[in-house]
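Here the structure is laid out as C-alpha cells; the discussion comes afterwards.
The values are calculated or read from the model by the stated rules, or taken from the named source; none is laboratory data. Just so we're clear, the structure is a prediction, and the values are computed from it rather than from any experiment. Ideal geometry is used to build each Cβ from the backbone, glycine not excepted, and the neighbour counts take in all protein chains shown. These area figures cover heavy atoms from the full protein model, side chains too; ligands, DNA and RNA do not enter into them. Shrake-Rupley method; radii C 1.70, N 1.55, O 1.52, S 1.80 Å.
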Amino acid sequence: MYRSLFPRDMFAEMDRLQREMQQALDLSPTIRGFGRGGFPALNIGGTPQTVEVYAFAPGLAPDAIDITLDRGVLTIAGTRPSSLPERSDTASQAAVHISERFAGGFRRVISLPDDADPENVEARYRDGVLQITIQRRASAQPRRIDIH
C-alpha cells in the first residue's frame, strides 16, 4: 500500500490554506477584527453600557504598561523583561534551548466604536490580566420614550 503526496480533497486543503493565510495577514486594528498572535493576547467585547477589553499580560508590573486613548484609538504598550539568564563571557553561562515566552517591547492598537466615552475609562490589573472598561456615551444608551 502506498501513500499519496497530495491530500484526497485538494480543494478542501486549499480552502484551509487560504483561511490560514488570510488570518495571518489580517492586520485591521478594529474592534471587530485584528491580527492574531500579538502580545498581549486580547479579548474584546461589550455590553449596551460598556466596551470591555481584556489583555492577558502575565509577568508584568502594572507600571510597565502604558494605556492611552486618543481620538477613538486605544493603545496598550510597554516592555516585558526577559526571564532568561543574562549572557556573559564566562564559560559557565547557562544555555537556553527553547525560548517561547515573549520578551521586549509590545504595542496593541484597537479602534473603539464611536459611542465609546473617552472621559469615562477605568483600568485594573490583577493576576496577569489587564481589564479596561470604557463606558458608552449616555446619548447612545437605549432608553424608553413615554407618550404623553
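Counting only residues that are touching a strand residue (DSSP E or B) at 6+ places or on another chain (Cβ under 6 Å) and either exposed (fewer than 15 other Cβ atoms within 10 Å of the Cβ) or not in a strand (DSSP E or B) (or both), how many does segment 119-128 have? Can you show your working first?
Taking segment 119-128 and keeping what is touching a strand residue (DSSP E or B) at 6+ places or on another chain (Cβ under 6 Å), we get 120-124.
Filter once more, keeping what is either exposed (fewer than 15 other Cβ atoms within 10 Å of the Cβ) or not in a strand (DSSP E or B) (or both): 120, 122, 124.
Residues in segment 119-128 being touching a strand residue (DSSP E or B) at 6+ places or on another chain (Cβ under 6 Å) and either exposed (fewer than 15 other Cβ atoms within 10 Å of the Cβ) or not in a strand (DSSP E or B) (or both): 3 in total.
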Which residues, taken from segment 81-114, are modelled with pLDDT of 85 or more and either aromatic (Phe, Trp, Tyr) or open to solvent by 100 Å² or more (accessible area, probe 1.4 Å) (or both)? PHE106, ARG107, ASP114
